[in-house]
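A short worksheet on the structure shown next.
The values are calculated or read from the model by the stated rules, or taken from the named source; none is laboratory data. A quick note: this is a predicted structure, and the numbers were derived from the prediction, not measured. Positions of Cβ are backbone-derived with ideal geometry, glycine not excepted, and every protein chain shown enters the neighbour counts.
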């Protein structure tokens, strides 16, 4: 019997597998596709996701294969802030990196840590009882685990088998996405694309990788079955309808559909089975938040599920995954809906767009929107005071190294400037550091494994209560 079976080998599933393996949880990842997808659905990582990679010692791998765009954090629905907003992060940039590269690096990390990954294994059934979960595969294999997490995308079979409602707005608009070769010269292509973009903000074509071009164009209708890959003829027809030319597209590496459907699971857990990533929420791709949201779901869930498996989780800890991440997803759905409206050519949305363009000149406005899109502004509800409580702590320099270098193992961390506090009894789950930088404007701070501030103060008895709340009874 496995400790945890994860259905879905995308970025959410692989990130979750890595987080669980940091705590020696026995993990199996099941992915129905026999080979990793080559489709580039996401083009980059936001500051909070970059911080997460830094917290786990993975960032150098991604920086080596990506490109930093500091100005990218100052865009909302394509409206650029005059100057990049000053975010409270050491990584105030968008990291441009194609999703297949992100997928590969996260899969490599999960495998390095000891996760078992099986490709070409399609889940067809899920049943659970008081002691565990039975998972049926298409080839007739029956597996058993103590817990299961569905990271199997927006059309999640796991979610449907659990009977979890997925309310929201159905798709009203569909786009076709392709990575293709073109015959039109680059200069002529860029000129045509710029003219079309001026009147059709849902259209775009430009250089991708390996000499290919990435093109996005509205579809003629919303397909009844969006899992059916569009044909090259359909793609050419829509390009011609919007641009007056198909740019000579040929030899596609990938073709796909996506829509503006917006849905959010009513709950993220049913017994011993949980949901994460697109299985729990879908939304328009404006702002590139989907992949980032899934990685952050996994980062929140991993240590909590590991605590449950290991037997030290305090009562209700696993349920905080839903109470913390569901409101974040609701916020993302609001943001992406708003950006979708601002892309409409109708007079009303365009009037709002002009107004927002003027408002973006104010630093407070551009920073507020940037913190929303990049997830830097997330604050979990741990109480009203002080303001830092519930927020993630940015990377700060210490007398020896820096904060994020101390978070590699996914444990809790007490930063104690008083030198008088103790984590005795929790030392197997919480590390202790007393040599702190002056940039920490608090006597002591308790960080959860995901880097969010769980306590601030200088009283040992108060600290003990919070250690019990987040890290279970004293050992």
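Computed values, structure above
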read-out: Enumeration of residues in segment 196-219 that are surrounded by 12 or more Cβ atoms within 10 Å (Cβ to Cβ) and without any contact (Cβ under 8 Å) to a residue 24 or more places away in the chain; value: 197, 204, 206, 207
read-out: Only one of 350, 339 that is over 24 Å from residue 447 (Cβ atoms), in a helix (DSSP H, G or I) and without any contact (Cβ under 8 Å) to a residue 40 or more places away in the chain; value: 350
read-out: For residue 198: the one exception among (1) in contact with a strand residue (DSSP E or B) (Cβ under 9 Å, 6 or more places away or on another chain); (2) modelled with pLDDT under 90; value: (1)
read-out: Flag for residue 344 being at pLDDT below 95, outside any helix (DSSP H, G or I) and either over 18 Å from residue 376 (Cα atoms) or touching a helix residue (DSSP H, G or I) at 6+ places or on another chain (Cβ under 9 Å) (or both); value: yes
read-out: Members of segment 384-404 found to be touching a residue at least 60 places away in the same chain (Cβ under 8 Å) and under 23 Å from the mean Cα position of the chain (by Cα), listed by number; value: 388, 389, 390, 391, 392, 393, 394, 395, 404
read-out: Residue that is farthest from the chain's Cα centre (by Cα) [pool: residues in segment 361-381 that are surrounded by 19 or more Cβ atoms within 10 Å (Cβ to Cβ) and part of a loop (DSSP other than H, G, I, E, B)]; value: 380
read-out: Qualifying position, being surrounded by 16 or more Cβ atoms within 10 Å (Cβ to Cβ), assigned to a strand (DSSP E or B) and at pLDDT 90 or above, among 464, 453; value: 453
read-out: Count of segment 425-447 residues which are more than 16 Å from residue 404 (Cβ to Cβ), exposed (fewer than 15 other Cβ atoms within 10 Å of the Cβ) and in contact with a strand residue (DSSP E or B) (Cβ under 9 Å, 6 or more places away or on another chain); value: 1
read-out: Single unsatisfied condition, residue 119 versus (1) more than 26 Å from residue 46 (Cα to Cα); (2) in contact (Cβ under 8 Å) with a residue 12 or more places away in the chain; (3) over 24 Å from the mean Cα position of the chain (by Cα); value: (3)
read-out: Enumeration of residues in segment 4-32 that are touching a strand residue (DSSP E or B) at 6+ places or on another chain (Cβ under 8 Å) and within 15 Å of residue 58 (Cβ to Cβ); value: 14, 16, 17, 21
read-out: Residue among 189, 161, 232 that is within 25 Å of the chain's Cα centre (by Cα), surrounded by 12 or more Cβ atoms within 10 Å (Cβ to Cβ) and farther than 22 Å from residue 42 by Cβ; value: 161
read-out: Count - residues of segment 390-399 that are over 27 Å from residue 336 (Cα atoms) and either assigned to a loop (DSSP other than H, G, I, E, B) or in contact with a helix residue (DSSP H, G or I) (Cβ under 7 Å, 6 or more places away or on another chain) (or both); value: 4
read-out: Residue tally, condition out of contact with any strand residue (DSSP E or B) (no Cβ under 9 Å at 6 or more places or on another chain) and in contact (Cβ under 8 Å) with a residue 12 or more places away in the chain, over segment 311-322; value: 5
read-out: Segment 401-421, residues that are in a strand (DSSP E or B) and out of contact with any strand residue (DSSP E or B) (no Cβ under 6 Å at 6 or more places or on another chain); value: 402
read-out: Strands (runs of 3 or more DSSP E) wholly inside segment 202-275 that include at least 1 residues being more than 30 Å from residue 17 (Cβ to Cβ); value: 204-207, 213-218, 250-259
read-out: Among (1) in contact with a strand residue (DSSP E or B) (Cβ under 8 Å, 6 or more places away or on another chain); (2) closer than 20 Å to residue 48 by Cα; (3) in contact (Cβ under 8 Å) with a residue 60 or more places away in the chain - the single one residue 89 does not satisfy; value: (1)
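Each row is one residue, and each column tells you yes or no for (1) more than 15 Å from residue 29 (Cα to Cα); (2) touching a residue at least 60 places away in the same chain (Cβ under 8 Å); (3) in contact with a helix residue (DSSP H, G or I) (Cβ under 7 Å, 6 or more places away or on another chain).
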site: 128; (1), (2), (3): yes, yes, no
site: 133; (1), (2), (3): no, yes, no
site: 139; (1), (2), (3): yes, no, no
site: 143; (1), (2), (3): no, yes, no
site: 147; (1), (2), (3): no, yes, yes
site: 153; (1), (2), (3): no, yes, yes
site: 160; (1), (2), (3): yes, no, no
site: 166; (1), (2), (3): yes, yes, yes
site: 169; (1), (2), (3): yes, yes, no
